[in-house]
Amino acid sequence: QVQLAESGGGLVQAGGSLRLSCLASRSSFSIDAMAWYRQAPGKQREMVASISSYGRTTTYADFVKGRFTISRDNVKKTLYLQMNSLKPEDTAVYYCNTKGRPYLDWGQGTQVTVSS
């Protein structure tokens, strides 16, 4: 069973930074395009950023461009999201998963709370 374990969330003031990590127990991690998603209370889950299998191509949602950076370490089977200049509207549970369907089983996510 593939597991995705997100970590690194927390409470931070507006303007602060956090680095999220996602450890994937999947032998084919290096060939999967991966993404970070987030879900705020009462809202649908949305994609934040994605990265190709070997990290050459990244995409970002408009609302995080210039502030967030996605990266990966295929040896460590870990996906990262560096979040800078955080805003209160970035408050959400953040998840990692494949970029698009079929999704792996969703992990528990990591809570990011940005205070104003």
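The values are calculated or read from the model by the stated rules, or taken from the named source; none is laboratory data. Quick caveat, the model's predicted, so the values are computed rather than measured. Note that each Cβ is placed from the backbone with ideal geometry, even for glycine, and that neighbours are counted across all protein chains shown. Note: areas computed on protein heavy atoms with side chains; ligands, DNA, RNA excluded. Shrake-Rupley method; radii C 1.70, N 1.55, O 1.52, S 1.80 Å.
Okay, here's what the table says:
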item	result
Unique residue being touching a residue at least 24 places away in the same chain (Cβ under 8 Å), at positive phi and touching a strand residue (DSSP E or B) at 6+ places or on another chain (Cβ under 7 Å) when the list is 99, 77	77
Residue check for residue 86: assigned to a loop (DSSP other than H, G, I, E, B) and either among the acidic types (Asp, Glu) or at pLDDT 95 or above (or both)	yes
All positions within region 10-39 that are of a type outside the set (A, V, I, L, M), open to solvent by 50 Å² or more (accessible area, probe 1.4 Å) and in contact (Cβ under 8 Å) with a residue 12 or more places away in the chain	13, 15, 17, 19, 25, 26, 39
Check on residue 31, within 11 Å of the chain's Cα centre (by Cα) and not aromatic (Phe, Trp, Tyr)	no
Subset of region 92-105 [open to solvent by 40 Å² or more (accessible area, probe 1.4 Å) and either in contact with a helix residue (DSSP H, G or I) (Cβ under 8 Å, 6 or more places away or on another chain) or modelled with pLDDT of 95 or more (or both)]	99
Every residue from region 40-75 that is at pLDDT 95 or above, under 20 Å from residue 107 (Cβ atoms), open to solvent by 60 Å² or more (accessible area, probe 1.4 Å) and part of a loop (DSSP other than H, G, I, E, B)	43, 44, 45
Filter result for residue 54 (in contact (Cβ under 8 Å) with a residue 40 or more places away in the chain and hydroxyl-bearing (Ser, Thr, Tyr))	no
Within region 105-116, considering residues that are within 14 Å of the chain's Cα centre (by Cα) and assigned to a loop (DSSP other than H, G, I, E, B), the one nearest to residue 48 (Cα to Cα)	109
